[in-house]
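Notes follow the structure.
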């Protein structure tokens, strides 16, 4: 997690609002100066149309100013389209980072729960082994039904009595499948 902390800090770090606003004002001021000067020079060029020599000089100045005007217009059009995309990408990256962190926490929690479940399963298996051993000892000590006796009936209800020994043997067979 120590490696993730600088990355998260870098994603959350935003420029100072005062510096950001100052940068906006400076770029707007430069753009305004270039646009106003190119507009003034264009108006002056139309005033000097009468003299070819003066028109050539103004034309040379306009050839100098027009690329600057193109840079300013290109900058603002590029910025108008790229800045929202960059902000959207930044918010998407922040959301992805948060989702990844949540997934990591969920995976860690699932691993912890799996370890607890393994421990409980081991305890249950050990308890089953103990029950199996105890039942085997008891069945060895208590004699089984006599040979030739088919069944017994309850005197009060008249229903056949189920041999608990057979049920215990069946339950032990079933439990041994999980022990082994």
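With kT/(6 pi eta Rh) evaluated at 10 °C and eta = 1.306 mPa s, and Rh the Kirkwood radius from Cα pairs, the stretch 54-136 diffuses with a coefficient of 80 µm²/s according to Stokes-Einstein. The value obtained for the stretch 4-117, namely the Cα convex hull volume divided by the number of residues, is 107 Å³ per residue. Spacing of the modelled spin labels on residue 114 and residue 172, each 7 Å from Cα toward Cβ, amounts to 3.6 nm.
Taken together, the values in this text are just the output of simple stated rules run on the coordinates, not laboratory data. Values in this document were obtained by computation on a predicted structure and should not be read as measured data. So basically every Cβ, Gly included, is an ideal-geometry build from the backbone, and we count neighbours across all protein chains shown.
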